[in-house]
Amino acid sequence: MSNAQTLGPWLRRFLQEYIVTERNLSWNTQKSYRDTFTLLLPFISGKVQKTVDRLSFHDLTAPHVLQFLVHLEEDRGCSAQTRNQRLAAICAFARFIGSRDPARVEWTGQIRAIPKKKATPQPISWMSKIDMDAMLDVPDRNTLRGRNEYALLLFLYNTGARVSEATRFSVRDLKVGRLEGGHSLATLHGKGGKMRQCPLWPKTQRVLAELIHGREENHAVFLSRHGKRFTRFGVYRLVERCAAQVPALASRKITPHVLRHTTACHLVSAGVDINTIRAWLGHVSLDTTNIYAEIDLEMKAKAIALCDAGETRPGRPWKEDKGMMAFLKSL
């Protein structure tokens, strides 16, 4: 079988060249695409009774892709959102091939014609100020490990940073006392290489300044108990462990992204402009940020109070208003 027929060389170009160099997709998106084909190829291999290295375009058909998507939901227990995410990676691969090999345009169209599944938006989970403060009290700040963990939780709450942004945060990205009388700033490296700056509370600035004392600029700010840069898994485990020790949160699934939602909801409650919150969180579209305004019940109650027309007071009918009738006749 020629290389033009097998999927391997095409997939290698797609994962190593196209999405990295031409598309410049984020590292997390690259890993998501890789994981999709790590699951897809063995599944197709089992269906057609071929080794993964010998799979061709004739094996990766639209019916097989649909069977794979059903497998994700029914056998692996994935949500509709995850199903659609895997399908997006497969369609991106098909689009890549179709743009470079006109003979595969029909095959590309069949793959890209697979519809996404309508997914019910998941409710936003966030914590109250009391619960957040209780979670911050969990780490033992009398120990070096506890101070590191407290600083990381406080930083996530202050900035609303994503896990990848927190794990990449280095000493050079922290500007303490940047301007006289101004806020200290944290520079976050977000999706697609985009950067943004977030102001730090005085408490956060003091904690981080003590934490990085004596470190070089290229060193990580947040270190695990092993003295190495926190990993994504380490941050998730820290948040889950601290949340489990708060009685009000013990039955809930608390993740670092819940802390991000909490930051946004508290900013909305404090009356911060929604566009400022968008820049604070690093959202590309304002529509993404608007979901936090919609779930703030206190803001809804205030809006209803402002719009309340109240009871209609009895008054003279407009026909009895001689001034108004005279005005109309004069026109």
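Residue-level analysis places R76 among those that are assigned by TED's automatic domain parsing to the domain that holds E106 and loosely packed, with under 12 Cβ neighbours inside 10 Å.
Annotation note: Cβ proximity below 7 Å between a residue of the range 205-229 that is without any contact (Cβ under 8 Å) to a residue 40 or more places away in the chain and a residue that is surrounded by fewer than 19 Cβ atoms within 10 Å (Cβ to Cβ) (sequence gap 6+ or interchain) occurs for Q205/V176; A209/V176. When we screen R95, R104 for residues that are in contact with a helix residue (DSSP H, G or I) (Cβ under 8 Å, 6 or more places away or on another chain), charged (D, E, K, R) and closer than 13 Å to F57 by Cα, the only hit is R104.
Name every residue in the range 210-225 that is more than 21 Å from the chain's Cα centre (by Cα), outside any helix (DSSP H, G or I) and within 18 Å of Y150 (Cβ to Cβ), in order of residue number. The answer is I212, H213, R215, A220, V221, L223, S224, R225. Pairing residues of the range 36-61 that are in contact (Cβ under 8 Å) with a residue 24 or more places away in the chain with residues that are among the basic types (K, R), at Cβ distances under 6 Å and at least 6 apart in sequence or on separate chains, gives T36/R86.
Filtered by the rule that a residue be touching a residue at least 40 places away in the same chain (Cβ under 8 Å) and exposed (fewer than 15 other Cβ atoms within 10 Å of the Cβ), the range 190-200 gives G192, G193, K194. Residues that are surrounded by 12 or more Cβ atoms within 10 Å (Cβ to Cβ) and among the polar types (S, T, N, Q) were ranked within the range 114-128; the one that is modelled with the lowest pLDDT is S125. State the number of residues belonging to the range 14-36 that are polar (S, T, N, Q) and in a loop (DSSP other than H, G, I, E, B). Residues flagged as polar (S, T, N, Q) and in a loop (DSSP other than H, G, I, E, B) within the range 14-36 amount to 2.
T262: modelled with pLDDT under 85, in contact with a helix residue (DSSP H, G or I) (Cβ under 7 Å, 6 or more places away or on another chain) and surrounded by 11 or more Cβ atoms within 10 Å (Cβ to Cβ), yes or no? Taking the combined requirement at face value, the residue does not satisfy it. Looking across the range 5-20, just one residue is of a type in the set (S, T, N, Q) and buried (at least 16 other Cβ atoms within 10 Å of the Cβ), and that is T6. So, A119, is that one closer than 30 Å to F68 by Cβ and under 20 Å from the mean Cα position of the chain (by Cα) or not? Criteria met by A119. Could you give me the residue pairs with C-beta distances under 6 Å whose first residue belongs to the range 125-153 and is touching a residue at least 12 places away in the same chain (Cβ under 8 Å) and in the same structural domain as F230 (by TED's automatic domain parsing), whose second residue is assigned to a loop (DSSP other than H, G, I, E, B) and not hydrophobic (A, V, I, L, M, F, W, C) wherever it lies, and which are 6+ apart or on separate chains? Correct list of pairs: V138/Q245; R145/R225; R147/R141; E149/P139; Y150/P139; Y150/R141.
The values are calculated or read from the model by the stated rules, or taken from the named source; none is laboratory data. None of the values given here were measured: they were computed from a predicted structure. Every residue, glycine among them, receives a Cβ derived from its backbone with ideal geometry; neighbour counts consider all protein chains shown.
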